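The values are calculated or read from the model by the stated rules, or taken from the named source; none is laboratory data. All figures in this text were calculated on a predicted structure; none of them were measured in a lab. Because the Cβ atoms are built from the backbone with ideal geometry, glycine has one as well, and the counts that use them run over all protein chains shown. The accessibility values were calculated without ligands, DNA or RNA, using every heavy atom of the protein model including side chains. Shrake-Rupley method; radii C 1.70, N 1.55, O 1.52, S 1.80 Å.
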Amino acid sequence: MKLDNITYTYSPGTVYEMHAIQGVNLDIDQGEFIGIIGHTGSGKSTLIQHFNGLMKPTSGKVLYEGKDIWQEGYNLKSLRSNVGLVFQYPEHQLFEVDVFTDVCFGPKNQGLSKDEIEGRAREALEHVGLAEDMYKKSPFDLSGGQKRRVAIAGVLAMNPKVLILDEPTAGLDPKGRDEIFDQIQSLREKRGITVILVSHSMEDVARYVGRMIVMNHGQVAFDGVPREVFTHYRELEAMGLAAPQITYIMHALKYRGLDVDTQAITIEEAKKSILQALGER
Amino acid sequence: MLRDITIGQYYPADSIIHKLDPRVKFIATLLYLISLFLFHTYIGYILATVFLVVIIKLSKVPFRFIVKGMKAIVFILLITVVFNIFLTPGKVLAQWWIFKVTQEGLIQAGRMAIRLSYLIIGSSVMTLTTTPNQLTDGLERIMNPLKKIKVPVHEIAMMMSIALRFIPILMEETDKIMKAQIARGADFESGNLIKKVKSMVPLLVPLFISAFRRANDLAMAMEARCYHGGDNRTQMKPLVYKRQDFVAYAVVLCYFAASIGMCVIGW
């Protein structure tokens with residue numbers, strides 16, 4: 001997937017004119033685990049809607065598997081089943097009488113046979129860790145975390161090759177948050193799909209993703225592995241973001257004269273590096 | 001699609017019209033609408049056009065923006081014009097099967113078209129230059145005397161401002177849910193009427209649920225702030241007439257007197 005110099009402007013030519021994203025270039029390979037980070041209003045949500053053709057860029061090109069998706073005759077519907085998008089608070093899109101039928105909505109729109117639809121729905125619900133006895137419940141009787149999993153399953157059931165999640169853990173407690181993240185992680189391993197995670201929390205994303213894209217004022221500020229991105233922690237702060245706490249501790253230790261690895265991002269790495277540095281002294 | 005509706009939308013700008021008291025604007029709009037139905041001949045409509053153009057120029061709202069709001073009523077306008085052309089009895093100009101085009105019909109249709117479009121433009125100028133809150137404040141003050149006959153004026157005004165406030169929120173919500181369902185392969189455009197209506201279910205169910213949830217939250221938030229209706233409630237920015245408002249009243253009254261005068265002498 002490739003974004004070529006994408007710009008999107010809201011209400012061009014009026015007083016409400018606003019550049020949501022400007023000149024964004026991105027190359028995304030199959031199987032990558034990417035985190036998109038930026039504070040509120042930095043253009044993250046606008047950006048991801050370009051990936052599956054929900055928004056048409058004011059200028060620039062979106063390419064999927066080498067083809068321009070806004071070319072005449074391009075099948076946007078098939079693109080949308082390849083690129084699954086889970087919106088923020090996805091539980092607000094549930095509408096069916098029971099959980100199972102709601103998850104079937106996506107594959108049904110793809111025009112599959114009944115057996116195939118049910119097989120996919122079952123598989124998707126299993127992958128998000130919902131027990132069989134929930135299938136016939138009304139989605140509105142579930143807890144917040146369960147509803148969200150049903151909604152994610154609804155997109156998964158379409159068997160997308162790319163899964164984009166916009167703040168999948170917003171409004172969940174720490175336990176629910178960890179569960180969702182772990183499930184996304186295992187999903188990626190099981191299905192080998194590309195996952196794009198949108199968030200404003202560095203700490204959450206840093207633990208899982210292999211590549212991090214930082215958005216600021218509608219432009220890509222940094223793009224690289226999390227360790228590398230966190231070395232710019234001062235710039236990140238200026239954007240209203242923060243590096244993980246570990247980064248701060250390591251930098252402070254280094255400043256005080258302890259020779260530690262400032263690129264550590266997990267507690268284990270930090271511990272090892274600190275012990276090593278202390279041992280050397 | 002939904003963004004084309006400009007009725008009830010506010011256009012921020014720094015103009016004399018924006019600064020006027022909402023009561024003045026409301027009464028002026030009402031008088032203007034009445035005047036549209038007083039005129040008999042084109043001389044009257046020239047006066048109405050001049051008045052409207054001057055107001056729009058003063059309001060600094062781009063004309064393009066106002067015309068955009070007309071899109072919503074094009075259909076109604078067309079029906080009115082067609083019915084008037086074919087169904088008004090009078091001197092026949094052209095005839096085809098059972099349809100007759102009469103001279104009176106043409107005149108009547110033109111008149112109705114002008115009246116309807118000016119009606120919409122006139123009222124959009126008011127809503128474009130007045131924030132919904134100002135508008136309901138103004139209405140509440142205008143209707144104040146009705147309190148004596150036990151009309152719940154404050155409650156009506158409050159409901160109106162809440163309803164107006166929620167229009168953009170619900171539109172945004174619709175947009176969001178629509179996109180979420182499109183991402184799941186829903187199709188809102190193709191198919192026949194029955195299929196289209198059916199395809200609305202995945203949109204309407206979540207929309208209603210979210211509307212009720214929002215209403216509940218709002219009621220709770222209002223209660224938590226001890227809201228209990230209009231009795232003894234004071235306003236943060238009470239409406240007070242300024243000099244410009246009296247001048248505006250004078251101008252509008254002159255215009256209205258002129259229209260009545262023209263009506264009486266049959267122009």
Given only helices, namely DSSP H runs of n ≥ 4 each adding -39500 (n - 2.57), what is the per-residue ellipticity at 222 nm of chain B, to the nearest 500 deg cm²/dmol? -22500 deg cm²/dmol
Members of A:LYS67/A:LYS108; A:LYS44/A:LYS161; A:LYS2/A:LYS254 lying beyond 30 Å, as alpha-carbon distances in this model show: A:LYS2/A:LYS254
Most fluctuating residue given options B:GLY229, B:GLY105, B:GLY191, as computed from a GNM of chain B linking Cα atoms under 10 Å: B:GLY191
Under the Karplus curve 6.51 cos²θ - 1.76 cosθ + 1.60, θ = phi - 60°, whole-Hz ³J(HN,Hα) for segment B:211-228, x wherever Gly or Pro sits: 5, 5, 4, 5, 4, 4, 4, 5, 4, 5, 5, 5, 5, 4, 9, 6, 6, 9
Per the 1.4 Å probe, what fraction of the accessible area of chain A, in percent, lies on carbon and sulfur atoms? 48
Rg and Dmax in Å for the protein assembly as shown, alpha carbons only: what are they? 30.3, 111
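Using a 1.4 Å probe on protein heavy atoms only, how many Å² of accessible area do A and B hide from each other, summed over both chains and rounded to 100? Don't skip to the answer; put the middle values down first.
Working: alone 14040 and 17420 Å², together 29530 Å².
Protein heavy atoms only, the A-B interface buries about 1900 Å².
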Sum of side-chain charges, B:LYS242 neighbourhood, beta-carbon under 10 Å (Lys, Arg +1; Asp, Glu -1): 0
Counting only other residues whose beta carbon sits under 13 Å from that of A:ALA242, what net charge do I get with K and R as +1, D and E as -1? -3
Considering only chain A, percent of DSSP beta bridges that pair antiparallel, nearest 5: 50
Amide proton proximity set for A:GLN88, modelled H, under 5 Å, gap of 5+: A:ASP166
Low-density loop trypsin sites (Lys or Arg not before Pro), segment B:193-260, at most 14 other Cβ within 10 Å, DSSP non-H/G/I/E/B, are B:ARG225, B:ARG233, B:LYS242
Using a 1.4 Å probe over the heavy atoms of the protein chains, calculate the carbon and sulfur portion of the accessible area of chain B as a whole percent. 71
Where a ≥ b ≥ c are root eigenvalues of the Cα gyration tensor, a/c under 1.5 meaning rounded, otherwise prolate if a/b exceeds b/c and oblate otherwise, chain A counts as oblate
In a Gaussian network model of chain A with springs linking alpha carbons closer than 10 Å, the residue among A:GLY106, A:GLY35, A:GLY144 that fluctuates most is A:GLY144
Accessible-area loss of at least 20 Å² in the complex relative to the chain alone (1.4 Å probe) applies, within segment A:70-95, to A:LYS77, A:ARG80, A:PHE87, A:HIS92, A:GLN93, A:PHE95
When the Cα centres of segment B:115-131 and segment B:24-82 are compared, how far apart do they sit, in Å? 7
Using the heavy atoms of the protein chains and a 1.4 angstrom probe, tell me the accessible area per residue for the protein assembly as shown in square angstrom. 54
Taking springs between alpha-carbon atoms closer than 10 angstrom, which of B:ALA113, B:ALA211, B:ALA248 fluctuates most in the Gaussian network model of chain B? B:ALA211
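Rounded to the nearest 5, what % of the DSSP beta bridges within the protein assembly as shown are antiparallel ones?
That works out to approximately 55 percent antiparallel.
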On full extension of the chain, what length is gained from B:VAL67 through B:VAL101, given 0.36 nm per residue of separation minus the C-alpha to C-alpha distance? 9.3 nm
Straight-line reach from B:LYS71: which aspartates and glutamates fall under 16 Å, measuring Cα to Cα and dropping same-chain residues less than 8 apart? B:ASP4
Under the rule of at least 5 residues apart or a separate chain, name every residue whose amide H is placed under 5 Å from the amide H of A:GLY53. none
Amide H contacts under 5 Å for A:LEU112, restricted to residues at least 5 apart in sequence or on another chain and with H modeled in the peptide plane, are none
Do any residues of segment A:41-57 show a loss of at least 40 square angstrom of accessible area between the isolated chain and the full protein assembly, using a 1.4 Å probe, and if so which? A:LEU54
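Within 10 Å of each Cβ in B:203-215, how many Cβ atoms from other chains are there, averaged over the peptide?
2
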